[in-house]
Amino acid sequence: MEIITKISDLRTKIKEWKKEGKTIGFVPTMGFLHEGHASLLKRCREENDIAITSNFVNPTQFGPNEDLEAYPRDFEKDCQLCKNIGIDVVFHPEPSEMYNNPYTYVNIDTLSSTLCGKSRPIHFKGVCTVVTKLFNIVTPDRAYFGEKDAQQLAIIKKMVKDLNFDIEIVGCPIIRENDGLAKSSRNTYLNSEERKAALCLSKAIMKGKEIISHATTPEIVLNEMTKIIENEPLAKIDYISMVGLDDMQPVKEINKDILVAMAVYIGKTRLIDNFIYKV
C-alpha cells in the first residue's frame, strides 16, 4: 500500500494503471475509519483492479461553529485498516494541496435545501466541491458512499449525472453497532451516559420501519418517532423528516419511494440516521 500526498504523484500512478486497462475504485473519506468505512473499502477492493481511498478532513464542508478542529483523526490506525483490506493507495493531501484562495465551488439546488442542508447551509457546497475535485484527480470507474449519509448520496448521484462524470456511484448499507447505533466517527465524542442515550435514534428508526407500511399519513410515522426521541432527556431534535427519495422534498402522502431521516443532538454531538421505504 502506498501513501500519496501530492495530486501530481497520484495522477502519474493513475495514468499508468489506465494505460494497463485497469479499473479503479474509489472511496472518499475524512478518516477516523470504522466498520462502516471498512464495508465500503472491502467492496471497492472486491470490485476493482485498483482500490484507492482519500483520507482528508475537508474544511469547506464545516460551518464556522462546527467541529473542524475537534474532528477525530487517527491516520496511523486508518492506514493499518486500509493495509489489512488490501487498498492500493491512500491519498492524504494537506488542505493547501487541495485548495487555493479564492475557491471555485460546486453547488446543487433543491436536493440540498432540506434535512442536513437546511441546518448546515454550506455543508453540501463543500461536499460537492471536494468530491468533484477528487473525482477529477482520481478519475475512478466506481465510487462508493454509505447510505447513512442518504442525502449526500442522492446529491452525489445527481451531481454526477448533471456534470456528466463517467463514474458509477455505488451506495452501501448502513453498518450498525450490536445494539443498533449507526457507526459514525462522531460516536467517539459520546461519554458512557450519552452513548446509552444515543440508542433513541435507532429505536425511533425501528419504530418508523414497523409502522410505515400501514400508516395513512407521514405525520403518524414522524410523531411516533418524535415521541421516542423526546423521551430521552439528553436528546435534542434537529430534524425528523420524511422526504421523497428522488428529490429530498417533504411529502404529504406515502405513495412513492421515501427517505425517513433524522438528525439529533446527544449532548453536543450531532448524530444522523435514516431508513428507506419503497412502495
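The values are calculated or read from the model by the stated rules, or taken from the named source; none is laboratory data. The structure presented is a predicted model; accordingly, all values stated were derived computationally and were not measured. Please note: Cβ atoms are built from the backbone with ideal geometry, for glycine as well, and neighbour counts cover all protein chains shown.
Applying the set (1) surrounded by fewer than 18 Cβ atoms within 10 Å (Cβ to Cβ); (2) closer than 22 Å to Glu47 by Cβ to Phe165 leaves exactly one unmet item: (1). Among the residues of segment 29-46, are any among the acidic types (Asp, Glu) and out of contact with any Lys or Arg (no Cβ under 9 Å at 6 or more places or on another chain)? Yes: one or more hits.
The C-beta contact set for segment 197-217 (first residue touching a residue at least 12 places away in the same chain (Cβ under 8 Å), second residue basic (Lys, Arg), distance under 8 angstrom, 6+ apart or interchain) comprises Ser202/Arg176; Thr217/Lys252.
Of all the numbered requirements in (1) of a type outside the set (Ser, Thr, Tyr); (2) more than 26 Å from Asp74 (Cα to Cα); (3) under 21 Å from the mean Cα position of the chain (by Cα), Arg186 misses one, and that requirement is (2). Within segment 211-226, does at least one residue satisfy the condition of being at pLDDT 95 or above and closer than 15 Å to Asp149 by Cα? No, every residue in segment 211-226 fails to be at pLDDT 95 or above and closer than 15 Å to Asp149 by Cα.
Would you mention how many residues in segment 227-256 are of a type in the set (S, T, N, Q) and surrounded by 16 or more Cβ atoms within 10 Å (Cβ to Cβ)?
Within segment 227-256, the subset of a type in the set (S, T, N, Q) is 231, 241, 249, 255.
If we keep only those that are surrounded by 16 or more Cβ atoms within 10 Å (Cβ to Cβ) too, we end up with 241.
Number of matching residues: 1.
The residue pairs whose first member lies in segment 5-23 and is in the same structural domain as Glu97 (by TED's automatic domain parsing) and at pLDDT below 95, whose second member is surrounded by 15 or more Cβ atoms within 10 Å (Cβ to Cβ) and outside any loop (DSSP other than H, G, I, E, B), and whose beta carbons are closer than 7 Å, counting only pairs six or more residues apart or on different chains, do not exist in this structure. Between a residue in segment 264-278 that is within 21 Å of Lys196 (Cβ to Cβ) and any residue that is aromatic (Phe, Trp, Tyr) and assigned to a strand (DSSP E or B), which pairs come within a Cβ distance under 9 Å, given they are 6 or more apart or on different chains? These pairs meet every condition: Val264/Tyr239; Leu271/Tyr265. From the list Phe32, Phe26, the lone residue that is touching a helix residue (DSSP H, G or I) at 6+ places or on another chain (Cβ under 6 Å), at pLDDT 95 or above and within 16 Å of Thr139 (Cα to Cα) is Phe26. Annotation: of all residues in segment 1-52 being in a helix (DSSP H, G or I) and among the small types (Gly, Ala, Ser), the one that is surrounded by the fewest Cβ atoms within 10 Å (Cβ to Cβ) is Ser8. Of the residues Lys252, Lys236, Lys203, only one is charged (D, E, K, R) and in a helix (DSSP H, G or I); which? Within the list Lys252, Lys236, Lys203, the selection yields Lys203. For Lys278, state whether it is surrounded by 15 or more Cβ atoms within 10 Å (Cβ to Cβ) and basic (Lys, Arg). Criteria not met by Lys278. Examine segment 62-78 for a residue that is closer than 25 Å to Gly171 by Cα, in contact (Cβ under 8 Å) with a residue 60 or more places away in the chain and assigned to a helix (DSSP H, G or I), and state whether such a residue exists. Looking for residues that are closer than 25 Å to Gly171 by Cα, in contact (Cβ under 8 Å) with a residue 60 or more places away in the chain and assigned to a helix (DSSP H, G or I), one finds none in segment 62-78, hence no. Taken as a whole, the condition of being out of contact with any Pro (no Cβ under 6 Å at 6 or more places or on another chain) and of a type in the set (Ser, Thr, Tyr) applies to Thr60.
Which count do you get for residues in segment 73-89 that are within 21 Å of Val131 (Cβ to Cβ) and either loosely packed, with under 14 Cβ neighbours inside 10 Å or of a type outside the set (Asp, Glu) (or both)? Before the answer, list the steps.
Filtering segment 73-89 for residues within 21 Å of Val131 (Cβ to Cβ) gives 73, 75, 78, 82, 87-89.
Subsequent filtering for residues that are either loosely packed, with under 14 Cβ neighbours inside 10 Å or of a type outside the set (Asp, Glu) (or both) retains 73, 75, 82, 87, 89.
Residues flagged as within 21 Å of Val131 (Cβ to Cβ) and either loosely packed, with under 14 Cβ neighbours inside 10 Å or of a type outside the set (Asp, Glu) (or both) within segment 73-89 amount to 5.
If you go through segment 227-246 and keep only what is among the aliphatic types (A, V, I, L, M) and touching a residue at least 40 places away in the same chain (Cβ under 8 Å), you end up with Leu234, Val243, Leu245.
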